[in-house]
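Structure first, commentary second.
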Amino acid sequence: MYILSEIEDLIRVPPSSFNVPIKLSVTDELHQKYSNRVVGGLGLVVAVWDVLQLDDGLIRPGDGGVFVGTRFRCIVWKPFAGEILGGWVLECLPLGIKVRMGFFDEIFIKKEYLFEGCEYKEAEKAWVWKPDADTELYIDVNEKIRFRVEEEVFNDVKATELKATDGNTQSGNEKPSYVIIGSCQVEGTGCVSWWE
Amino acid sequence: MKVVKPRSEFLSNYEVLRHLKGIQKKNNWVFSDKDKKESNKRHRDFGGVNLEMVVKDSLQYLESSPCGVIGSIDSFKQLMIFLNQFELMKAEKLQIVNTLPRSMVLLYALVEECDQRFSEAESELIIEKINELYPVEEEAEGEEDGEEAEEAEEVEGEDVEAEADN
């Protein structure tokens, strides 16, 4: 679910943007700094919603830019525990299921959090749920899946620097900065097609 | 950077969808062939690549999610006013408007202890209202079209045979 968060920050507006109205140039700079980034303890920042306050610009010796203190609200994606979300299965692993939502792909459903009677089939690389002896329900890759949010985990990638969530800037073994742990244990969760 | 209020307001997916569409329009971003026809103005990217990427991916998700069918603010308001008569938590209401449940199972998953707090008739009312405001049409139409096409083919086939006989 999305929330609005209020943040205060000092933003540098470069001289090249001096011809643009200040609100617009500050919004652009804020987007550069915050969009698609995880703020520790907060969530994934999507975009600026509105700018509430703009202080007078300050200059520093030896710098052509102007520093503007600003208070703004931004859209933050932050699911809460107990929320039901929809996504697509990215990968089935012996440890659980990875789910993607397009704009956010660090979602993991641990095997302990799957329905009782779920089995991992090595041959098909898929999870199978057996609600009773005769039925076998497969969870295949790319299938639409609903899950319940259990917890969110923030990893401090670099304490001083905000980290982009896109794959380009991350090397393979680095931990993602924000992970959602999900579960499929209540009725209505699991593959969407099961419940229709 | 200082976070003043971590959670100053809740937003529904529909509001986010509208806001992001606004950003897309302002910057003349082209994400699909449909957008291409509508705008041929210059692409603006002062907000950075990250903004464009997150707006694109989020829009894709939101439009394919149930709230993509919400056509106007009016119908959204109607739904909210309707939901206000029930004793639902704010988060539960949000989840209902985000997910638009059309089955009891899903509604029960969204609303905690739904069976104890609401009677079956009340739960059905919610689902009925959603179906009334946002009817599901696409699948039914698709099937009908398919059948018609098949019938048309059969008729043509007969005609050809009849001509051959003559």
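Charge dipole (Cα centre; +1 on Lys/Arg Cβ, -1 on Asp/Glu Cβ; no other charges) of segment A:2-77 amounts to roughly 160 debye. Rounded to the nearest 20 debye, the dipole magnitude of chain A is 600 debye, with +1 charges on Lys and Arg beta carbons, -1 on Asp and Glu beta carbons, and the Cα centre as origin.
One decimal place: the segment B:Met53-B:Met89 gains 9.6 nm when fully extended, by the rule 0.36 nm per residue minus the C-alpha distance. May I ask for the Rg/Rh ratio of segment A:1-80, computed from Cα atoms with Rh as the Kirkwood radius, given to two decimals? Checking Rg against Rh, the ratio lands at 1.02. For chain A, count the residues as N, evaluate 2.2 N^0.38 Å, and divide the Cα radius of gyration by that value, please. Here the answer is 1.32, to two decimals.
Helix A:22-34 and the long axis of chain A differ in direction by around 40°, with both axes built from C-alpha atoms. Among the listed pairs A:Lys78/A:Lys121; B:Lys2/B:Lys93; A:Lys23/B:Lys5; A:Lys144/B:Lys21; A:Lys23/B:Lys56, those with a Cα-Cα distance over 26 Å are A:Lys78/A:Lys121; B:Lys2/B:Lys93. If each DSSP helix of 4+ residues adds -39,500 (n - 2.57) and the sum is divided by the residues in chain A, what number results at 222 nm, nearest 500 deg cm²/dmol? That calculation yields -2000 deg cm²/dmol at 222 nm.
Computed from the coordinates by the stated procedures, all read-outs in this text should not be read as laboratory data. Just so it is clear, the structure is predicted and the values come from calculations on it, not from any experiment. Positions of Cβ are backbone-derived with ideal geometry, glycine not excepted, and every protein chain shown enters the neighbour counts.
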